[in-house]
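Asker: Take this structure first; my questions come after.
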Amino acid sequence: GAIDVLVNNAGIMINGTVEETSDADWDRVIDINLASAMRMTRAVIHPMCQAKKGAIVNVASDWALMGARGAVAYCVSKAALTQLTRCMALDHVSDGIRVNAVCPGETDTPMLDLAFEGEGRDWKIEKLAATIPMGRIAGADEIAKVIAFLASDDASFMTGALVPIDGGTSAQ
């Protein structure tokens, strides 16, 4: 059948400053977090154009909007993904294709577990939650609901939007 929706939700984080990040780590993060979204979009854009409809939702990060210390490759890759979102939105608006991005903040996922493995995870999560205006981290289902909205006809007048889902962190 037709391809109606694409959600680009690939991501890895390799910590490091510019000085600490190897070329290999930089390339890996850019390839997975950014280039994979371009390649997946390229694979479905022609059928969507032919159908004159479609929705693409890219999963970026609140760090794409404000940056963070010690995660230069991740932040740059996700910021570039937001720009890719805007460019594709403009390139394909006349084809009936909407392209938007969500920018999640701290979310209870395996990526967060990697940052907080070992003893004291609960304490570390509590400390992290205290830095978020809403006082907690997000559940993956909360991010999924916004993605589902952007993919649905309920978001029919949205394209090129970057939607922070970060408990108010990017509003600070």
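The values are calculated or read from the model by the stated rules, or taken from the named source; none is laboratory data. Keep in mind that what you see is a predicted model, and the values were worked out from it rather than measured. FYI the Cβ positions are ideal-geometry reconstructions off the backbone, even for glycines, and counts take in every protein chain you see. Calculation scope for accessible area: heavy atoms of the full protein, side chains included, ligands and nucleic acids excluded. Shrake-Rupley method; radii C 1.70, N 1.55, O 1.52, S 1.80 Å.
Asker: Can you check what the Kirkwood hydrodynamic radius comes to for the chain, Cα pairs only, in Å to one decimal?
Answerer: Averaging 1/r across every pair of different Cα atoms and inverting gives 16.8 Å.
Asker: Counting only other residues whose beta carbon sits under 14 Å from that of S61, what net charge do I get with K and R as +1, D and E as -1? Don't jump to the answer; show the numbers that get you there.
Answerer: On the way: positive: K78; negative: D62, E106, D166.
It works out to a net charge of -2.
Asker: In nm, to one decimal, how far is the I32 label point from the D113 one, both placed 7 Å along Cα→Cβ?
Answerer: 1.5
Asker: Tell me, what % of the accessible area of the stretch 22-172 is carbon and sulfur with a 1.4 angstrom probe?
Answerer: In the stretch 22-172, the share of accessible area belonging to carbon and sulfur is 58 percent.
Asker: Right, next: What does the charge dipole of the stretch 1-70 about its Cα centre add up to, to the nearest 20 debye, if the Cβ of each Lys and Arg holds +1 and the Cβ of each Asp and Glu holds -1?
Answerer: Dipole about the Cα centre, nearest 20: 540 debye.
Asker: Moving to a separate point now. For V163, list long-range residues whose amide hydrogen, built 1.01 Å from N in the peptide plane, is under 5 Å from its own amide hydrogen.
Answerer: A101, V102, C103
Asker: While we're here: Can you give the accessible area of S36, probe radius 1.4 Å, in Å² rounded to 10?
Answerer: Solvent-accessible area, nearest 10 Å²: 30 Å².
Asker: Here is a follow-up. Just report the Cα centroid separation between the stretch 97-172 and the stretch 46-66, whole Å.
Answerer: Centre-to-centre distance over Cα atoms comes out at 17 Å.
Asker: Further question on the same structure: Taking only protein heavy atoms into account and a 1.4 Å probe, give the accessible area per residue of the stretch 1-135 in Å².
Answerer: 55
Asker: Right, another one. Lysine pairs, Cα distance under 28 Å, 8 or more residues apart or cross-chain: how many in the chain?
Answerer: Counting lysine pairs in the chain gives 9.
Asker: Let me ask another. Just to confirm the number: angle between the C-alpha axis of helix 140-151 and the first principal axis of the chain, 0 to 90 degrees, nearest 10?
Answerer: Its long axis makes an angle of about 20 degrees.
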